[in-house]
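Enquirer: Before I ask anything, here is the structure I am working with.
The values are calculated or read from the model by the stated rules, or taken from the named source; none is laboratory data. Bear in mind the structure is a predicted one, so any value in this text is a computation, not a measurement. So basically every Cβ, Gly included, is an ideal-geometry build from the backbone, and we count neighbours across all protein chains shown.
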Amino acid sequence: MAKKAELYIIRAITNMHVGSGDSTYGIIDNQVQRDVVTGFPTINASSLKGALREHFKDKGDKFVNDIFGGETDESGNKITKPGRYVFFPGNLLSIPVRSNKKPYFMATCPLIIKEFLEFLKNLNCSEELGA
């Protein structure tokens, strides 16, 4: 069976603070999740998967367990079953920067774009973007 990759862009329309889960508190309450290589803010795959699972819980156990995995099979027996989908972290593509021309501009940098294109290449998705 052929594997299929889909890309979704998450746009935060309100303030978002995905805590790292560490008990080491800094100046702010909890440190933000960060990519261990680049240090850029990220949404870890487990956090993203958990938030999406919570969002779709009203769709029913069969739907949710098929996508995210579950604790029971179709007969109700207790098992740990993986979901049919794999989630990757939500990586930063741009960040709002204040301006005197308009409230803000969305800014990025060459390193972020390079890593994004490399990620797409690893998933064989680069042809769709013309890369």
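Enquirer: Listed residues Ile43, Ile13, Ile28; which is more than 12 Å from Pro89 (Cα to Cα) and modelled with pLDDT of 80 or more?
Expert: Selected residue: Ile13, the only one of Ile43, Ile13, Ile28 that is more than 12 Å from Pro89 (Cα to Cα) and modelled with pLDDT of 80 or more.
Enquirer: Then there is this: Are any residues in segment 42-55 without any contact (Cβ under 8 Å) to a residue 12 or more places away in the chain and either hydrophobic (A, V, I, L, M, F, W, C) or touching a helix residue (DSSP H, G or I) at 6+ places or on another chain (Cβ under 8 Å) (or both), and if so, which ones?
Expert: Ala51
Enquirer: Only one residue in Gly90, Gly83 is closer than 21 Å to Ser47 by Cβ, touching a helix residue (DSSP H, G or I) at 6+ places or on another chain (Cβ under 8 Å) and touching a residue at least 60 places away in the same chain (Cβ under 8 Å), so which one is that?
Expert: So the residue among Gly90, Gly83 that is closer than 21 Å to Ser47 by Cβ, touching a helix residue (DSSP H, G or I) at 6+ places or on another chain (Cβ under 8 Å) and touching a residue at least 60 places away in the same chain (Cβ under 8 Å) is Gly90.
Enquirer: Of all residues in segment 39-95, how many are under 21 Å from His17 (Cα atoms) and outside any loop (DSSP other than H, G, I, E, B)?
Expert: Qualifying residue count, segment 39-95: 17.
Enquirer: While we're here: Here is a list of conditions, (1) at pLDDT 90 or above; (2) charged (D, E, K, R); (3) surrounded by 10 or more Cβ atoms within 10 Å (Cβ to Cβ), and Asp61 meets all of them except one; can you say which number that is?
Expert: Tallying (1) at pLDDT 90 or above; (2) charged (D, E, K, R); (3) surrounded by 10 or more Cβ atoms within 10 Å (Cβ to Cβ), Asp61 fails exactly one: (1).
Enquirer: Across segment 96-125, what is the total count of residues that are small (Gly, Ala, Ser) and outside any loop (DSSP other than H, G, I, E, B)?
Expert: 1
Let's see how each residue does on (1) modelled with pLDDT under 90; (2) more than 24 Å from Ile13 (Cβ to Cβ); (3) surrounded by 11 or more Cβ atoms within 10 Å (Cβ to Cβ):
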residue: Phe87; (1), (2), (3): no, no, yes
residue: Leu92; (1), (2), (3): yes, no, yes
residue: Pro96; (1), (2), (3): yes, no, yes
residue: Lys101; (1), (2), (3): no, no, no
residue: Met106; (1), (2), (3): no, no, no
residue: Cys109; (1), (2), (3): no, no, yes
residue: Ile113; (1), (2), (3): no, no, yes
residue: Leu120; (1), (2), (3): yes, yes, yes
residue: Leu123; (1), (2), (3): yes, yes, yes
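Enquirer: Read through the list (1) modelled with pLDDT of 85 or more; (2) surrounded by fewer than 13 Cβ atoms within 10 Å (Cβ to Cβ), then give the number of the only condition that Ile67 fails.
Expert: That leaves (2) as the condition not met.
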